[in-house]
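Inspection log for the structure reproduced underneath, given as structure tokens.
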Amino acid sequence: MHAWLCENPTGIDALAWTELPTPQPKTGEVLIAIKAASLNFPDILIVQNKYQMKPALPFVPGSEYAGVVQAVGEGVIHLKVGQPVACLSGTGGFATHTIAPAALCMPLPPGFAFVDAAAFIMTYATSHHALVDRAQLKAGETVLVLGAAGGVGTAAIQIAKAMGARVIAAASTAEKCALCTSLGADATINYSSENLRESLKTLTAGKGPHVIYDPVGGEFAEPAFRSIAWRGRYLVVGFAAGPIPSLPLNLALLKGASIVGVFWGDYSRREPKHNAAMMVELAQWYGQGKIKPVIDRTMPMAELKAALTHMGTRGVMGKLVMVN
Ligand SMILES: NC(=O)c1ccc[n+]([C@@H]2O[C@H](COP(=O)([O-])OP(=O)(O)OC[C@H]3O[C@@H](n4cnc5c(N)ncnc54)[C@H](OP(=O)(O)O)[C@@H]3O)[C@@H](O)[C@H]2O)c1
């Protein structure tokens, strides 16, 4: 097998495509032949030692992937050799093969393409947990999605539309805004060229969005929060822009608004039954065509360094997927 090995987490350049012995699964594990692995923002952070999870060295990055089970360890009963699966295990995906805990593998129903499956769990689970569970979004409410053309952003647009909400998508280029419109966004704001607060005022008749989905942080967090509606819910999803913003708490008081944290990874560990029910619903929505991962492009696994650089420079629209 081959894998992108990180022996020294100093950045993308330190990754090396390395031949390794193919491991055998232990109790509760499976060996997966990887067909596709998608990029998630933490994949960039983890190889720079900037992510909250710091794996023991050396490790193989690649949080999320899909492929075919090639061998099963003792005690694994719900997966068989030849079964197509998707898995989000945090590491191991940027390779030809990986060992994964069987409990983290989602068996794929017929018709679920590997490229879609590799780009599914992280973004849709995060956005569903955020909008349905944390924000209690209702049909007819208005949602502002920041970084709306990114991985979790595109999933948030589709889920909010599936719930009957009105979506205002905000992104940094006209091309990204056009993508959001094609996904069903009712209105867009290009925050590189428009004043976010003025545009929100116009688009909501002065009332502001009921829910704000923020995976970006940085300079737009405060103006967005200043625009929120009475009883609004501000979802703290991530900090793709880098700096972690501060919000003046008087703004929460003035709007009767809530600042709501979203941490899907811990939700899935602390509330596994709720998470499993959510994943069943998401798989059904995929089967019904209500949601579908937006694939920016696929690239050969050998081109991982170029792919990670593309994501780090805001180039990706939707999801970038490496394939074997
Ligand atoms: N809380 C959770 O449970 C959870 C789960 C998954 C992901 N996340 C977090 O959500 C964030 C987004 O993840 P993602 O996978 O959707 O990433 P992504 O596909 O790269 O999207 C991030 C978006 O952020 C915007 N952005 C603004 N400044 C940026 C910068 N300096 N570098 C890169 N992007 C920048 C870009 O949109 P514009 O160019 O349009 O501004 C980009 O499309 C990350 O911080 C990630 O860690 C959180």
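The values are calculated or read from the model by the stated rules, or taken from the named source; none is laboratory data. Because the structure is a prediction, the values reported are computed rather than measured. All Cβ positions, even for glycine, are placed from backbone atoms using ideal geometry, and neighbour counts span all protein chains on display. We work out accessible area using only protein heavy atoms, side chains counted, and drop any ligands, DNA or RNA first. Shrake-Rupley method; radii C 1.70, N 1.55, O 1.52, S 1.80 Å.
Let me spell out the model: positive unit charges on the Cβ of Lys and Arg, negative unit charges on the Cβ of Asp and Glu, origin at the Cα centre of the stretch 82-188. What dipole size does that give, in debye rounded to 20? Write out the running numbers ahead of the final one.
Numbers: 5 positive and 5 negative charges, 26 e Å.
Charge dipole, the stretch 82-188, about its Cα centre: 120 debye, nearest 20.
Give the accessible area for T18 in Å² (nearest 10); use a 1.4 Å probe, count only protein heavy atoms, and leave out ligands, DNA and RNA.
40 Å²
For V76, list long-range residues whose amide hydrogen, built 1.01 Å from N in the peptide plane, is under 5 Å from its own amide hydrogen.
G28
In whole angstrom, note down how far apart the Cα centers of the stretch 31-91 and the stretch 107-135 are.
Cα centres, the stretch 31-91 to the stretch 107-135: 15 Å.
Looking at the chain as a GNM with Cα springs under 10 Å, which of M279, M53, M299 has the largest mean-square fluctuation?
Among M279, M53, M299, the largest GNM mean-square fluctuation belongs to M53.
For L108, what residues show an amide H to amide H distance below 5 Å, using hydrogens built from the backbone and excluding near sequence neighbours?
Answer set, sorted by chain and number: V85, A86.
From the phi angles alone, apply the Karplus equation (6.51, -1.76, 1.60; θ = phi - 60°) to the stretch 186-192 and give each ³J(HN,Hα) in whole Hz, x where the residue is Gly or Pro.
Result, rounded to whole Hz: 7, 8, 10, 10, 8, 6, 7.
Cut-off 10 angstrom, C-alpha nodes, Gaussian network model of the chain. Which of A283, A174, A307 fluctuates the most?
Comparing A283, A174, A307 in a Gaussian network model of the chain, the most mobile one is A174.
For the chain, with a Gaussian network of springs between Cα atoms less than 10 Å apart, report the residue from A306, A130, A37 with the top mean-square fluctuation.
In the Gaussian network model the winner is A306.
Using only protein heavy atoms and a 1.4 Å probe, report how much of V237 is accessible, in Å² to the nearest 10.
Near enough 30 Å² of accessible area.
Ignoring ligands, DNA and RNA, what accessible area per residue does the chain give at 1.4 Å, in Å²?
That works out to 43 Å² for each residue.
Quick one: if the Förster radius is 22 Å, what FRET efficiency do A14 and V81 give, using the C-beta to C-beta distance and rounding to 0.05? Intermediate values should be presented prior to the final figure.
Numbers: r = 35 Å, r/R0 = 1.59.
Efficiency for this residue pair is about 0.05.
What is the percent of Cα-Cα separations in the chain that go past 32 Å?
Values: 14631 of 52326 pairs.
Percent of Cα pairs beyond 32 Å in the chain: 28.
Within the chain, which whole H helices from DSSP have a Cα span along their axis of at least 15 Å and a mean Kyte-Doolittle hydropathy of -1.0 or more, if any?
Details: long enough: 151-162 (17 Å, 0.96); 272-287 (22 Å, -0.29).
Span-like helices, by this rule, are 151-162, 272-287.
Distance cut-off 19 Å, Cα to Cα: go down the list K35/K80; K26/K54; K292/K319; K35/K319; K207/K255 and report the pairs above it.
K26/K54
Using heavy-atom solvent-accessible surface (probe 1.4 Å) with all chains present, what is the largest-first order of K319, K292?
On the way: K319 5, K292 110 Å².
From most exposed to least exposed: K292, K319.
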